[in-house]
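The values are calculated or read from the model by the stated rules, or taken from the named source; none is laboratory data. The structure displayed is predicted, hence computed values, not measured ones. When we count neighbours, we look across all protein chains shown, and the Cβ atoms used for this are built from the backbone with ideal geometry, even at glycine.
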Amino acid sequence: MSATLVWLRDDLRLDDNPALAEAAALHQPLTVVYVLDEESPGIRPLGGAVKWWLHHSLAGLAAALEATGSRLVLRRGPAARVIQDLAVETSADALLWNRRYGGPERAVDAGLKSWAGGEGLNATSFQANLMFEPWTVRTGSGGPYKVFTPFWKACLAAGPPPEPEPAPSLSPPSSWPESLAIDDLGLDPAIDWAGGLEETWTPGERSAGERLDAFLEDDVASYAHDRDRPDRPGTSRLSPHLHHGEIGPRQIWHEIHGRGLDPRRFLAEVGWREFAHHLLYHFPHTPERPLRDEFERFPWRTDRAALRAWQRGQTGYPLVDAGMHQLWTTGWMHNRVRMVVASFLVKHLLLPWQEGARWFWDTLVDADLANNTLGWQWTAGCGADAAPFFRIFNPALQAERYDPAGDYVRAWAPDPPAPIVDHRAARERALEAFAEIRQGSPQHR
């Protein structure tokens, strides 16, 4: 008897899920599976905050599927092997999933498609988690964009993404394959560190929809003015929901346009996420190495004590410390403050941006490899469309401008210690380090 297998990854939703919609259209017994894969070559193990979120997101998805008469099967191990085994167990002749864009992930998918073809299975992937796929947006010369504004103009010129589809009706199999319990995946931490995450967030598709609705109802009109103010609730906080696929970007696009709202500023931020995945696809080395080759020679320092002070919010700069405390407590940090704390690490302390990216990877509930890489390389001046390295944020002036009454700092870092570095001296040291690599660049030889 024919059957269908749908493999979910970073698309943990029922609405606007093309793989599920196609599976429902086949009218075959359907098994839905999530595989925790931290073993395939190149696949990066999840950070702690993302694991916490994933635990609760999977629980919510499992409950939603059960409400429709279906189930979520959970497995762990190298994804290609696990999916192959499950396809045999379920007698599947159709294997469906939504695409991912990182190099190691695409390698897993390509290998699975090759295996399926040899076994006579129909393996099909779909566009679900980006509005504009990386290979469809090219410069006039056919290359990838490295600057956001022309990239986003090209995306907008391509026309609107497809309308999202509602959650489909799913046909259960006559018997269910074995499944791990969610607790067996070991995602929920055994320590009390996650208490702040639980107080701050409600993972899941329903919460994502409610958060989008509340933002569009109450905050999007003032977004352009309040988005840079960490002392105000002016941002959507949709990033962890987007990362886990509890809501898709085309749902956001069409909801904004459907309500007749001004799409320009907020949708451009969603477009920045698209740009990040575009860059990761075309430049897969950038999570570890700079896009701009001259920064391979940058004279980074090694200072474990300074790194630890930054991680723990003990730099003596109130806005920096407030951001790091907010991150540790809630798994999230306001984007303006992310730029300030990142600039402090790479320019005041001259510590490698990769160290910051690793810390964010473990502590952010929205730790997304594409976004994390683009953000850190932007701040360090070594990536696409990057801020010039010589633009060095003064944390005190940033606080005066974006937290003028000190509400954000008082909430997260009321008693900062003495500064671990002098701003003026640190700025001069950073500019001297930058001058070293400029002397070696072709235009200065």
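Residue-by-condition table, conditions (1) surrounded by fewer than 12 Cβ atoms within 10 Å (Cβ to Cβ); (2) aliphatic (A, V, I, L, M):
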| site | (1), (2) |
| --- | --- |
| A157 | yes, yes |
| A167 | no, yes |
| S179 | no, no |
| D183 | yes, no |
| D188 | no, no |
| E199 | yes, no |
| P203 | no, no |
| A221 | no, yes |
| A224 | no, yes |
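How many of the residues making up the range 206-230 are over 30 Å from A62 (Cβ atoms) and not β-branched (V, I, T)?
So the answer is 12.
Could you tell me whether any residue of the range 58-71 is among the β-branched types (V, I, T), in contact (Cβ under 8 Å) with a residue 40 or more places away in the chain, touching a Lys or Arg at 6+ places or on another chain (Cβ under 9 Å) and closer than 30 Å to T202 by Cα?
no
When the residues of the range 277-303 are narrowed to those that are in contact with a Leu (Cβ under 7 Å, 6 or more places away or on another chain) and over 19 Å from G42 (Cα atoms), which ends up surrounded by the fewest Cβ atoms within 10 Å (Cβ to Cβ)?
R301
Sort out which residues of the range 18-54 are under 18 Å from the mean Cα position of the chain (by Cα), of a type outside the set (D, E) and either part of a loop (DSSP other than H, G, I, E, B) or not assigned by TED's automatic domain parsing to the domain that holds R106 (or both), and write them in order of number.
Scanning the range 18-54 gives G42, I43, R44, P45, L46, G47.
Among residues belonging to the range 61-107 that are farther than 21 Å from L26 by Cβ, of a type in the set (G, A, S) and touching an Asp or Glu at 6+ places or on another chain (Cβ under 9 Å), point out the one that is surrounded by the fewest Cβ atoms within 10 Å (Cβ to Cβ).
G77
Just one of V337, V341 is under 23 Å from H225 (Cα atoms), without any contact (Cβ under 8 Å) to a residue 60 or more places away in the chain, of a type in the set (A, V, I, L, M) and crowded, with 24+ Cβ neighbours inside 10 Å; which is it?
The conditions single out V341.
Inside the range 304-316, can you point out the residues that are free of Cβ contacts under 8 Å to residues at least 60 places away in the same chain and either hydrophobic (A, V, I, L, M, F, W, C) or surrounded by 18 or more Cβ atoms within 10 Å (Cβ to Cβ) (or both)?
Answer for the range 304-316, where residues must be free of Cβ contacts under 8 Å to residues at least 60 places away in the same chain and either hydrophobic (A, V, I, L, M, F, W, C) or surrounded by 18 or more Cβ atoms within 10 Å (Cβ to Cβ) (or both): A305, L307, W310, Q311.
Pick out the one residue from E255, E269, E288, E246 that is outside any helix (DSSP H, G or I), under 28 Å from L61 (Cα atoms) and outside the structural domain of E355 (by TED's automatic domain parsing).
Just one listed residue meets the conditions, E246.
Restricting attention to the range 232-242, which residues are buried (at least 18 other Cβ atoms within 10 Å of the Cβ) and more than 17 Å from the chain's Cα centre (by Cα)?
Passing the criteria: only G234.
Give the number of residues within the range 386-417 that are closer than 13 Å to A322 by Cβ and crowded, with 20+ Cβ neighbours inside 10 Å.
8
Suppose we filter the range 65-77 for residues that are among the basic types (K, R) and either part of a strand (DSSP E or B) or not assigned by TED's automatic domain parsing to the domain that holds W7 (or both); how many remain?
So the answer is 2.
In this structure, is G323 assigned to a helix (DSSP H, G or I) and within 28 Å of L216 (Cβ to Cβ)?
yes
Filter the range 2-42 down to residues that are under 21 Å from E89 (Cβ atoms) and polar (S, T, N, Q) and give me whichever is modelled with the lowest pLDDT.
S2
Can you name the residue in the range 253-276 that is over 20 Å from H225 (Cα atoms), touching a residue at least 24 places away in the same chain (Cβ under 8 Å) and not basic (K, R) and is also surrounded by the most Cβ atoms within 10 Å (Cβ to Cβ) among such residues?
So the residue we want is F275.
Which residue pairs have Cβ atoms under 7 Å apart, sit 6 or more places apart or on different chains, and have a first residue in the range 99-118 that is in contact (Cβ under 8 Å) with a residue 24 or more places away in the chain and a second that is among the aromatic types (F, W, Y) and outside any helix (DSSP H, G or I)?
If the second residue must be among the aromatic types (F, W, Y) and outside any helix (DSSP H, G or I), the pairs left are R99/F126.
Looking at the range 149-158, can you tell me whether even one residue there is at pLDDT 95 or above, in the same structural domain as P18 (by TED's automatic domain parsing), among the hydroxyl-bearing types (S, T, Y) and out of contact with any helix residue (DSSP H, G or I) (no Cβ under 6 Å at 6 or more places or on another chain)?
Among the residues of the range 149-158, not one is at pLDDT 95 or above, in the same structural domain as P18 (by TED's automatic domain parsing), among the hydroxyl-bearing types (S, T, Y) and out of contact with any helix residue (DSSP H, G or I) (no Cβ under 6 Å at 6 or more places or on another chain), which makes the answer no.
Sort out which residues of the range 272-285 are hydrophobic (A, V, I, L, M, F, W, C) and part of a helix (DSSP H, G or I), and write them in order of number.
Selection gives W272, F275, A276, L279, L280.
Name the single residue that is nearest to E269 (Cα to Cα) among those in the range 332-369 being of a type in the set (S, T, N, Q) and under 17 Å from the mean Cα position of the chain (by Cα).
Once the filter is applied, the top-ranked residue is N335.
Listed here are the residues, each with its yes/no results for (1) part of a helix (DSSP H, G or I); (2) at pLDDT 95 or above; (3) among the polar types (S, T, N, Q).
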residue	(1), (2), (3)
M339	yes, yes, no
R358	yes, yes, no
V365	no, yes, no
G375	yes, yes, no
A386	no, no, no
R391	no, no, no
R401	yes, yes, no
Y408	yes, yes, no
D415	no, no, no
